[in-house]
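In what follows, a single structure is set out as structure tokens and then discussed.
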Amino acid sequence: MALAHKNISAGTSAGNDPLRVMVVDDAVVIRGLLTRWLGEDKAIEVVGSYRNGKLAVDDIEKINPDVVVLDIEMPEMDGMTALPLMLAKKRDLVVIMASTLTRRNAETSLKALSLGAADYVPKPETTSEVTTSIDFRRELIEKVKALGARARRMRGPVRTMRAETLAGRTATPSSRVSTPRQINTRDAFRGAPAPVKPGAARFVTRPYSSIRPRVLALGASTGGPQALQEVMRQVGTAMNEVPVLITQHMPPTFTAILAEHVGKAALRPAREGEDGEILRGGQIYVAPGGKHMIVEKEAGAVKLRLTDDPPINFCKPAIDPMFDSVAKAYGSSALAVVLTGMGHDGANGIRSIAAGGGSIVTQDEATSVVWGMPGAAAATGLCSDILPLSEIGPKLARVLKGKTR
């Protein structure tokens, strides 16, 4: 059964209005649960609830949601079939895929990101686990609010111009020229050029270390899989002599597949890190879901360690412990990167990197899917550069070769 709530014409919802969310899931219990959870948040209004992709696609223009929570496996029309049809009807739509933690669904979720989905939320495998999972509920609501709010901000000026035109106030040529190009969530994933917001210059930066890096450590969360692939593709052969450490907020199964995708993008060996292995140049190590990945010096070598310590910043793996350990092991030869993501994981860790004399690069606001983590990093005043996604890889390549300008 499909449940549609009150309609609103395109382009009329104000920035302070609740985010309009559509839930699409064939399981009636799960659909009802997600609808209730989301509807209990005052910042969210559930405007539609559907049992398959076809019904949802048919109603996209009428319901005009800001965000769609889209199940992958459904009868009649599954989520992967519905995704491009939804985006074709509403280009700035935020679609969050919801899937259980199987390898097949993990592969599908990551493929969905490349096709325009904003993010994914891994669902527990059984209805009873979904019902009792506090983490799943928290992650779902946080991602809906963060991604939906960003999409609204990005299209705000467009709505204003449309409203002025309808009111008979045609924009002057100069005002049209000065209006920055709007980007949507998918632009940010693909690294499309985007204007850096004027406020980016307000952050203090510090010089790069004069020591050539001996390790590259990257942290990412929401929007990270696509951003990581973009960066690794552009760094290329410059990582031949250094190990690359990646902590991406992801559950088990997903991280193994992420490693495969990153390796293909980088044309380098990439896999989940294993406890006790010695780091080697040109190898990419991805923190396994459900474990923290750190490094430590031992008998003249640097080894990986996987720990089962409690979550940090609600995350496991977390970026802070990786950065802390990299700072201790590498000192001024550490190069760290903070990419798109919610929250502030990594901000404490870069303090350790900076204290040890290392260098930090963070992604700018305009190209971040969510500017939580990179924004927190930039606010410390300890970064050497705050760059658009398309410029991070080339900059890292130069720094790894000993060139900081």
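The values are calculated or read from the model by the stated rules, or taken from the named source; none is laboratory data. A quick note: this is a predicted structure, and the numbers were derived from the prediction, not measured. Quick reminder, even Gly has a Cβ in these numbers, built from the backbone with ideal geometry, and neighbours come from all protein chains shown.
Candidates are the residues of region 343-356 that are aliphatic (A, V, I, L, M) and surrounded by fewer than 24 Cβ atoms within 10 Å (Cβ to Cβ); the one that is nearest to Ile141 (Cα to Cα) is Ala354. Filtering region 342-358 to residues that are assigned to a loop (DSSP other than H, G, I, E, B) and farther than 30 Å from Lys145 by Cα leaves Gly356, Gly357, Gly358. Selection of strands (runs of 3 or more DSSP E) fully inside region 222-328 by the criterion of at least 1 residues being outside the structural domain of Phe136 (by TED's automatic domain parsing), of a type in the set (S, T, N, Q) and over 23 Å from Ser390 (Cβ atoms) returns 301-307.
The single residue among Asp320, Asp324, Asp364, Asp385 that is among the acidic types (Asp, Glu), out of contact with any Gly (no Cβ under 8 Å at 6 or more places or on another chain) and over 25 Å from Leu113 (Cα atoms) turns out to be Asp385. Residue count for region 365-377 satisfying the condition of being part of a loop (DSSP other than H, G, I, E, B), touching a strand residue (DSSP E or B) at 6+ places or on another chain (Cβ under 7 Å) and surrounded by 24 or more Cβ atoms within 10 Å (Cβ to Cβ): 1. In the set Ser359, Ser332, only one residue is crowded, with 24+ Cβ neighbours inside 10 Å, under 23 Å from Ile294 (Cα atoms) and out of contact with any Cys (no Cβ under 7 Å at 6 or more places or on another chain); that residue is Ser359.
Here the condition is being modelled with pLDDT under 95 and surrounded by fewer than 16 Cβ atoms within 10 Å (Cβ to Cβ); of Ala27, Ala10, it holds for Ala10 alone. Here Pro84, Pro122, Pro75 are screened, and the one residue that is assigned to a loop (DSSP other than H, G, I, E, B), outside the structural domain of Pro225 (by TED's automatic domain parsing) and either closer than 29 Å to Asp17 by Cβ or in contact with an Asp or Glu (Cβ under 9 Å, 6 or more places away or on another chain) (or both) is Pro75.
Among the residues of region 34-72, those that are under 25 Å from the mean Cα position of the chain (by Cα), over 19 Å from Thr131 (Cα atoms), part of a loop (DSSP other than H, G, I, E, B) and not hydrophobic (A, V, I, L, M, F, W, C) comprise Lys42, Asn64, Pro65, Asp66.
One line per residue, one yes/no per condition, for (1) of a type outside the set (A, V, I, L, M); (2) closer than 19 Å to Met342 by Cβ:
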{"site": "Met239", "(1), (2)": "no, no"}
{"site": "Leu245", "(1), (2)": "no, no"}
{"site": "Met250", "(1), (2)": "no, yes"}
{"site": "Gly276", "(1), (2)": "yes, no"}
{"site": "Gly281", "(1), (2)": "yes, no"}
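Going by the structure shown, is Ala98 touching a residue at least 24 places away in the same chain (Cβ under 8 Å) and not hydroxyl-bearing (Ser, Thr, Tyr)? Yes; evaluated as a whole, the condition is true for this residue.
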